Amino acid sequence: MGKKDKEDELDKDSRKRLEKLNEQWDDAPGQYLFDKFTVTDLRLLLEHHTPLQNLIRTIATSPAVGLSATLAKEATLLHEGIIEGEASRRGDEADYSSMQSELSEAQAHCGALQNDLEKCTAATQQLQQANGKLEKQLQQLQKELGTCRAELARSSNAPRELALLRGAGELAQRLELADLPDDDTQALIRTVAVLSQMNNIERLWDTLKAACERESRPASAEETALLQTALDWHNHNWQKKPFALHRPGEGKHFDFSKEQRAASFSGGETLSAVWLPGIVASNGVVQKKALVATR
């Protein structure tokens, strides 16, 4: 059986290993290395490596001195190869151990970061809850303050328009009437000067509409009276009274051209309440649509 036939008996991995051992066998003596040489490698060489087989034959037919020298040289090379293979293995094991240590440290660091994130998330939720409670308390205090101002204004002898403006801070600020003089006459003169102008009447209407929708309520009697008084002041110099409030009756059919639903009502074609009267010119032009509730 020839060399080719013997190699055909080997599996794929054994053939590849034999080829590598053949390449190392032909290296120069200073470069002769065994790459993790095993007993299986030795058997491969003995059974299929012709140079080793020839060497064994030479040793077997050589004088004792030559045999000892040859064996000593081959033993030295074999020992050196084994030492180098073992050193390589130990190096690989050290690298693997180092990477395992780095991986463990990274996992521990990630765990600590995850723990910190969970704590921060919990703290954020607590702060949000506390902030929500404080906002509700602030709204309640603002409402109570407005009520106190309104009661204080009603208890005085000032005209009802001044009483409302002095008790409703936001409304007065929007109309630039927040700093009315203490003297009622001077305060009333300034209020008339501002609210007799149509652009300020529209601003008054817009402010009242925003308050009604924000608080989900109809305008109060005082607020509606202030709107009517402002129109009266504006119309004072006009014989035909160019503007009037539009107050559609409850139960009437919803008229989109003259009315608008409050934000909390999305449907319905019958008027259930008028939250804020609209403003309509004498020629029928709608200046502001009435704010209504529907069912």
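The values are calculated or read from the model by the stated rules, or taken from the named source; none is laboratory data. Since the structure is predicted, the reported quantities are computational estimates derived from the model, not experimental observations. Please note: Cβ atoms are built from the backbone with ideal geometry, for glycine as well, and neighbour counts cover all protein chains shown.
Tabulated data
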read-out	value
Checklist (1) part of a helix (DSSP H, G or I); (2) closer than 17 Å to residue 74 by Cα; (3) modelled with pLDDT under 55 applied to residue 7, failing item	(2)
In the stretch 229-275, the residues that are without any contact (Cβ under 8 Å) to a residue 40 or more places away in the chain, closer than 18 Å to residue 288 by Cβ and outside any loop (DSSP other than H, G, I, E, B)	230, 232, 234, 235, 244, 245, 259, 260, 261, 271
Some residue of the stretch 247-268 being under 30 Å from residue 190 (Cβ atoms) and over 43 Å from the mean Cα position of the chain (by Cα)	yes
Every residue from the stretch 236-268 that is surrounded by 11 or more Cβ atoms within 10 Å (Cβ to Cβ) and among the charged types (D, E, K, R)	241, 247, 250, 252, 255, 258, 259, 261
